[in-house]
1. Placing unit charges on C-beta atoms (Lys and Arg positive, Asp and Glu negative, everything else neutral), compute the dipole magnitude of the chain about its Cα centre in debye, rounded to 20.
2. Can you put Tyr148, Tyr163, Tyr168 in order of accessible area, largest first, using a 1.4 Å probe?
3. How far, in nm, would the chain grow between Ser104 and Glu42 when pulled straight, counting 0.36 nm per residue and subtracting the alpha carbon separation?
4. Please arrange Thr78, Thr180 by accessible surface area, largest first, computed with a 1.4 Å probe and ligands excluded.
5. With a 1.4 Å probe and all protein chains left in place, how much of the accessible area of region 9-165 comes from carbon and sulfur atoms, in whole percent?
6. At 222 nm, what value in deg cm²/dmol follows for the chain if DSSP H runs of at least 4 each add -39500 (n - 2.57) and the sum is divided by all its residues, to the nearest 500?
7. What are the ³J(HN,Hα) values, in whole Hz, obtained from phi via the Karplus relation 6.51 cos²θ - 1.76 cosθ + 1.60 with θ = phi - 60°, for each residue of region 101-118 in sequence order, with x given for Gly and Pro?
8. Given the C-alpha atoms of region 107-190, compute the convex hull and give its volume per residue in Å³.
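The values are calculated or read from the model by the stated rules, or taken from the named source; none is laboratory data. On a predicted model such as this, the values are computed, not experimentally measured, just so you know. Cβ atoms come from the backbone with ideal geometry, glycine included; neighbour counts cover every protein chain shown. The protein model used for the area step is the full one, side chains on, heavy atoms only, and it has no ligands, DNA or RNA in it. Shrake-Rupley method; radii C 1.70, N 1.55, O 1.52, S 1.80 Å.
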Amino acid sequence: MSNIIFFGPPGAGKGTQAKLISHFLNISHLSTGDILRKKLLEKDTLANELKIIMSSGNLVSDDILNKIVSSRLNSEATNGFILDGYPRTLKQSEFLNNYLLETSCKINFIFNIQINFDTLKNRILKRSSEESRDDDNINVIETRYNEYLNSTQKVSNFYKEQYSNIFYEIDGSLQIEEITHKIKQILKKT
């Protein structure tokens with residue numbers, strides 16, 4: 001059983017790699033982006049609130065995400081899981097660390113996919129045209145990237161300092177297969 005966190009800016013390939021690795025290890029892929037997009041389809045008050053937040057590129061509140069993630073972890077923790085898009089803030093990482101302590105779980109691997117902004121921007125715009133995602137336009141990309149630099153990068157740096165023995169930097173400019181191969185090699189070594 002493995003519990004894994006994927007970090008990296010939006011469009012770095014976290015979701016793609018998380019899906020591939022979840023199939024490889026046969027564990028759940030908990031993508032906050034996917035969970036939130038499903039919630040948007042429910043057409044209730046929270047869905048309307050989320051639509052406004054997400055279409056502007058802003059992040060959903062810590063409290064909302066913590067509730068969503070903890071309820072999913074409760075059902076997945078015994079089999080292993082991959083967190084993709086969580087934690088994004090120091091408050092979320094505190095919540096996750098407390099949750100892990102309370103449930104006697106631990107994170108086994110942390111992968112940080114790094115990529116420069118120009119490569120990332122081109123990748124997201126391509127994804128937008130292929131998947132017709134409303135949250136993939138240039139203004140939203142810049143807002144999400146700045147949010148990443150101002151909050152999530154601090155979280156990944158915290159994990160890098162605190163968990164250096166399980167923290168791995170991955171070059172996100174490589175081809176998908178090359179990135180997957182590198183991650184699998186790390187998983188097999190330990």
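1. Values: 24 positive and 23 negative charges, 72 e Å.
Roughly 340 debye, rounded to the nearest 20.
2. Working: Tyr148 20, Tyr163 75, Tyr168 55 Å².
Ranking Tyr148, Tyr163, Tyr168 by accessible area, largest first, yields Tyr163, Tyr168, Tyr148.
3. Working: separation 62, 0.36 × 62 = 22.32 nm, distance 3.36 nm.
Answer, rounded to one decimal: 19.0 nm.
4. Working: Thr78 115, Thr180 15 Å².
Result, largest first: Thr78, Thr180.
5. Working: 3980 of 8320 Å².
Roughly 48 percent of what the probe reaches on region 9-165 is carbon or sulfur.
6. Working: 9 runs with 110 residues, N = 190.
The per-residue figure over the chain is -18000 deg cm²/dmol.
7. 4, 5, 9, 6, 9, 8, 8, 9, 9, 10, 10, 10, 8, 9, 7, 7, 4, 5
8. Values: hull volume 9.2 nm³, N = 84.
With only Cα atoms used, region 107-190 gives 110 Å³ per residue.
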